Amino acid sequence: MQEVRTIGYRLSSAHVFSVAFVLACAIAAALIGSFPLQLSVVTVFLFAGPHNVMEFRYFTSRMPVRWGRSRTFYLAAIAGVLPLTAAYLTLYFSSGNWLWSLESLQTFTAVWNTSFILWVGTLFYLRGQQRRKDWSIAIPIVFLLASLAWVVPQYWSLALVYVHPFIAMWFLERQIRRTKPEWLRAYHYCLASIPFFLVILWASLYGKSNLSQETNLFWRINQHAGSEILQNISSHLLVATHVFLESIHYFVWLLLIPLVDKRAIPWKLNDVPLFSNINGIPKIFVAFLTASVLITVVLWFGFAADYTTTRDIYFAFAIGHVLAEFPFLIKML
Amino acid sequence: MKKLTTLIGMTLFTSTYCFADIARPNNLSAQTPKPRAAIETTMDIRLRPDEKEARLIIPKSQIKQLRAQLETLDEGSNNAAVFTSGNGINGLQTIMSGLFLSLAIVLGGVWFMRSAKSPRANKGVIAAILLSFVASATFVFANAGPPAEARSITGKMFSQAMHIYGFGWGKIKVETTDDDDRITLIVPNPKTSPSPGEE
């Protein structure tokens with residue numbers, strides 16, 4: 001008996017997702033490549049605070065009420081985030097202090113970087129133990145990275161600035177695996193398109209003259225992107241690359257993660273175990289959530305009043321959220 | 001244990017405020033802008049085909065003038081420039097990076113031997129190592145400086161093609177002389193032989 005099949009093309013949600021992602025990246029690359037300084041100011045103003053709220057909301061939705069077998073892991077995570085944040089803020093705000101010479105500041109910065117790397121490696125190792133897998137490869141990798149942090153500290157710090165945006169993309173990949181597996185292949189193609197856009201940006205901007213540093217803000221933006229470390233690369237290219245990657249980072253947290261994980265939608269508090277579980281801490285959770293929203297509003301007012309100072313303060317304290325991302329990401333592996 | 005952890009965390013957190021709030025010493029001289037030592041003079045630039053190295057010849061009389069100006073100023077510390085030039089590493093950096101690198105190689109080798117049964121894992125590690133080399137090479141070559149003509153002081157540095165870089169550097173010998181009253185920059189300008197296609 002013969003069977004007749006109709007082969008047709010159906011537009012699926014994965015197709016729409018990938019087209020929208022690539023289109024958004026193309027528009028972002030074009031705009032950011034043309035106006036890097038202006039877009040840097042605008043994106044930080046609009047999205048920095050809200051994306052932190054979304055991150056906090058997402059992490060709390062992933063935090064179990066009872067830690068159980070993950071107790072050691074979460075304790076190690078908190079034992080890393082709090083002191084490393086405090087130490088970073090100490091280094092940051094005391095960098096002009098007469099107590100510390102430039103050499104001692106560089107040494108303490110290298111010590112901080114090493115502590116951070118060892119902490120992340122410890123989390124990898126603990127997660128491997130939990131999953132009963134041999135992740136001891138993390139130990140030699142950690143020591144290799146620590147040696148780089150000492151021998152090329154400026155490049156190491158700059159590498160962190162550029163690697164951080166990819167953390168969000170990794171989060172999204174793990175989340176799509178869990179809640180929208182039909183989008184996984186499309187998302188991998190979307191990720192593959194990012195180097196393509198970076199190469200286009202670099203090819204079109206490598207010959208551009210350096211961006212203006214006439215104001216303290218512009219100097220800060222250039223310096224954040226590494227213009228003083230990579231002096232032979234156009235700062236226009238560096239700032240555009242950094243702002244492009246950060247924009248994808250904000251896009252992922254604000255839009256894509258809530259899209260693939262309904263539990264990450266901010267107002268669906270019943271999906272947060274810490275809020276809805278009978279053993280949860282609903283009042284404390286709501287207080288923290290309200291405080292984070294209020295801080296975002298204060299941040300907007302701060303940006304409007306004195307953008308440069310607010311930006312400096314924000315990026316100093318933002319290290320806390322960067323550190324907090326690592327335990328939750330490693331927990332998802 | 002919880003109390004100890006909380007106490008340590010509070011101590012570290014409050015130390016931020018303690019260290020950040022220490023006032024600078026009351027150094028009035030640090031608040032006033034320092035004038036620079038400067039004298040106005042003329043410099044001759046001479047391109048000579050028979051010279052082997054670039055030389056800057058400064059008359060002793062002008063060095064004496066400059067020294068007199070410097071003695072009236074505070075010792076300007078350029079230590080910050082020395083530390084931030086970033087090209088050298090100090091002893092502590094060498095020791096720590098060497099220690100961690102040694103640990104990484106030793107422990108990586110141990111892991112490699114233990115996981116010899118898993119060729120898939122080994123392929124992943126080899127791929128990761130190759131990727132890190134490629135990434136490092138990208139950084140190194142992307143940050144590569146201008147061509148050789150802009151990295152040595154010769155007559156070629158004055159050519160139009162070098163202007164796009166806007167800067168250059170090279171070794172120079174600084175000499176003093178009693179014979180002249182003008183600063184002279186001697187720049188080697190070797191003649192380039194025409195390529196076979198040119199006549």
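Here, each number is a calculation from the coordinates, and none is a lab measurement. Quantities reported herein were computed from a predicted structural model and do not represent experimental measurements. Don't worry about glycine lacking a Cβ; one is built from the backbone with ideal geometry, like all the others, and counts go over all protein chains shown.
Inter-chain neighbour count for A:132-142: the average number of beta-carbon atoms from partner chains within 10 Å of each residue's beta-carbon is 5.
Between A:V41, A:V120, A:V286, the GNM of chain A built on Cα springs shorter than 10 angstrom shows A:V286 fluctuating the most.
By the combined test of axial Cα extent (at least 18 Å) and Kyte-Doolittle hydropathy (mean at least -1.0), the qualifying DSSP H helices of chain A come to A:13-34, A:36-62, A:71-93, A:102-130, A:138-151, A:153-179, A:184-205, A:235-251, A:282-305, A:319-331.
Springs join every pair of Cα atoms under 10 Å in this Gaussian network model of chain A, and among A:N113, A:N270, A:N222 the largest mean-square fluctuation is at A:N270.
Please tell me the relative contact order of chain A in percent, rounded to the nearest whole number, where contacts are Cα pairs under 8 Å and at least six residues apart. Mind showing how you got there, number by number?
Details: 287 pairs, mean separation 110.5, N = 333.
Dividing the mean separation by the residue count of chain A yields 33 percent.
Give the whole-number value, in cubic angstrom per residue, of the convex hull volume spanned by the C-alpha atoms of chain A. Could you put the intermediate results ahead of the total?
Values: hull volume 64.3 nm³, N = 333.
Spelled out: Cα convex hull of chain A, divided by residues, is 193 Å³.
Largest GNM mean-square fluctuation among A:A305, A:A138, A:A149, using chain A with Cα springs under 10 Å: A:A305.
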